[in-house]
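Novice: Input: one structure, supplied below.
Just so it is clear, none of the values below were taken in a lab; they were calculated from the coordinates. These figures come from a predicted structure and were not determined experimentally. Counting neighbours? That spans all protein chains shown, and the Cβs are built from the backbone with ideal geometry, glycine included.
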Amino acid sequence: MNILSITAGAAGMYCGSCLRDNSQARELLRRDHRVTLLPLYTPTSPDETNVSEKRVLFGGISVYLQQYVPLFRKTPRFFDRLLDNPRIINLFASRSISTDPRLLGEMTVSMLEGERGVLRKEFDKLLDWLRDEPVPDIVNLPNSLLISLAAPLKRALQRPIVCTLQGEDLFLNGLVEPYRGKALDMIARQVRDVDMFLAVSEYYVPTMAKMLAIPRERIAVVPLGIDLTGYESRRSGEAAKADESRRSGEAAKADVFRIGYFARVSPEKGLHLLAEAYKRLRARTPGVAMRLDAAGWMSPAQAPYLEEIRQSLAADGFGSEFTYHGAVDRDAKLAFLRSLDVMSAPATYDEPKGVSIIEAMAVGVPVVQPRRGSFTEMVEQTGGGLLVPPDSAEALADGLFTLWRDRDLAARLGRQGFDGVRRYYSIDRSIDRLLEVYSDVIARSTGSDFRLPSTPLGPGKAEATGRSS
């Protein structure tokens, strides 16, 4: 199968949607499918081998300038190529291209206006690029905010279009009026241009069907999946660590109960709620060796938020027990997760993805999560943790206390999570489902019985067709 998969860069941060898009493309290539993973706005920054195209269309700098300086809507292509150079985009991305939905209302509406709007030159550039590319069997858009690409791509390629739904409701709800209302209306009017929508969780189907006026029968669930390479059980690491501790006389250090947070550092992801729960937990466990360790990407704008959390912990005497480890690469991420006794990322909204929860359970770390969004189905399917009432520091502290006090329970939940991720959330299972949906969509579009071979042809060609950067 030949797949054109579009992905939206996120200004240099580790983005869950970018990680998912790249992981899917890598696995499809491994199975000998041809995949073109095309970044829009900025280059992507996955923590695995990047298989995306080296070029960027709808370059963030060009789009911004065309939106606010009419002169740039008429600049020649050679000049645009300078602005769209990935190195130039990366140089300015983290400091100049905002991803705050409150500031991006006008640009969101312009993108949804598509060929009729001020960004029409970017649509022309995309269609020009397609003329030199093999015609794909199917096109996958990364989110509904890019739904305006569906009609021109379908017209140019005469191929079906699918659109992934993976978290854009948070962005849309963050837009100020009148942009939020306009954006929702414009997306709903273009739903007809998409052959099938792909939700990343069962929870997300009714949520997005209602928000975007999508008939439920036109939404298929393709569950999240991670590449499990390197996700060894923390229990094997614990045994080695315990042996080493006994030899070095550091057994006491090894007994520290480590609570972890792994997600983007921002208020909606709930680090402040976990910090408050940690303080309440410590009030119930005086004299016990504990730590709160956090890791994840943070924008410069969130530095005051993190500092407020630090000061709050320090004011109650726990400042020395908290460490922020920053944005971590894949190896450091795996080491961080394996160092934990329990993990929690208590988002204050209904999270449709929650990849970090899957990653923690994949190494045998139990989780304590609010009963909301996709967290409920993840924890219930895998049996890898405890669910507590949302937005409650006290309930979160109760869950953490339960796992500290009952280590047998924690170990059992860790084993269940480890096995459950392999049963429900592996990249293999996710791609099996994705290919099933693709085949059905292509068959309906062409009126033929399109079916893939029952087994992949092997990884040999993947290495030749992968376009890593």
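Novice: What is the calculated FRET efficiency for Q158 to A411, with r their C-beta to C-beta distance and R₀ = 56 Å, to the nearest 0.05? Walk me through the numbers before you get to the answer.
Specialist: Numbers: r = 55 Å, r/R0 = 0.99.
My answer for the efficiency is 0.50.
Novice: Here's something else I'd like to know. Hey, any idea what the orientation-averaged projected area of the convex hull of the chain's Cα atoms comes to, in nm²? Display every interim value, and only then the final one.
Specialist: On the way: hull surface 91.7 nm².
Convex hull of Cα atoms, orientation-averaged projection: 22.9 nm².
Novice: If you look for lysine pairs in the chain that are eight or more places apart or on different chains, how many of them have Cα atoms under 13 Å apart?
Specialist: Numbers: K74/K121; K74/K125; K241/K253; K269/K353.
Eligible lysine pairs with Cα atoms under 13 Å apart amount to 4.
Novice: Let me ask something else. Counting only helical runs of four or more DSSP H residues, what would the 222 nm mean residue ellipticity of the chain come to if each run contributes -39,500 (n - 2.57) and the total is spread over all its residues? Don't jump to the answer; show the numbers that get you there.
Specialist: Details: 21 runs with 227 residues, N = 469.
Taken over the chain, the calculation gives -14500 deg cm²/dmol.
Novice: Also, I was wondering about something else. Which residues' amide hydrogens lie under 5 Å from the amide hydrogen of G385, considering only partners 5 or more residues apart or on another chain, with H built in the peptide plane?
Specialist: V367
Novice: Would you be so kind as to identify which of Y305, L409, V176 lies farthest towards the positive end of the dipole of the chain, taking Lys and Arg as +1 and Asp and Glu as -1 on Cβ and the Cα centre as origin?
Specialist: The listed residue farthest towards the positive side: V176.
Novice: Skipping prolines and chain starts, which residues have an amide H placed within reach, meaning under 5 Å, of the one on I3, given they are 5 or more residues away or on another chain?
Specialist: R34, V35, T36, D137
Novice: What is the order of D32, D432, fewest Cβ neighbours within 10 Å to most?
Specialist: Final ranking by Cβ density, sparse to dense: D432, D32.
Novice: Would you mind ranking S201, S339 so that the residue whose beta carbon has the fewest other beta carbons within 10 Å leads the list?
Specialist: Working: S201 23, S339 19.
Fewest to most other Cβ atoms nearby, the residues stand as S339, S201.
Novice: R0 = 45 Å: FRET efficiency of F79 with F401, Cβ-based, nearest 0.05? Intermediate results must be reported in sequence, preceding the final value.
Specialist: Values: r = 61 Å, r/R0 = 1.35.
For R0 = 45 Å, the calculated efficiency reads 0.15.
Novice: In the chain, which longest range has no trypsin sites (Lys or Arg not before Pro) that are both DSSP loop (not H, G, I, E or B) and surrounded by at most 10 other Cβ atoms within 10 Å?
Specialist: Values: sites that count: K74, R131.
Result, exposed sites excluded: 132-469.
Novice: Ordered by residue, what ³J(HN,Hα) values in Hz, to whole numbers, does the range 136-149 give under the Karplus form 6.51 cos²θ - 1.76 cosθ + 1.60, where θ = phi - 60° and Gly and Pro are x?
Specialist: x, 7, 7, 10, 10, 8, x, 6, 6, 5, 10, 5, 5, 6
Novice: For the range 234-424, take the convex hull of the Cα atoms, compute a quarter of its surface area, and give me that in nm², please.
Specialist: Working: hull surface 41.1 nm².
Quarter of the Cα hull surface area: 10.3 nm².
Novice: Sticking with this structure for a sec: When a footprinting reagent is the concern and you count Cβ atoms within 10 Å, what order do W129, W297 take, fewest first? Please report the intermediate quantities before stating the final value.
Specialist: Working: W129 13, W297 18.
Ranking W129, W297 by Cβ neighbours within 10 Å, fewest first, gives W129, W297.
Novice: Another question about this same structure. List every DSSP H helix in the chain whose Cα atoms extend 27 Å or more along the helix's own long axis and whose mean Kyte-Doolittle hydropathy is at least -1.0.
Specialist: Numbers: long enough: 427-446 (28 Å, -0.03).
Those that pass (Cα extent of 27 Å or more, hydropathy at least -1.0) are 427-446.
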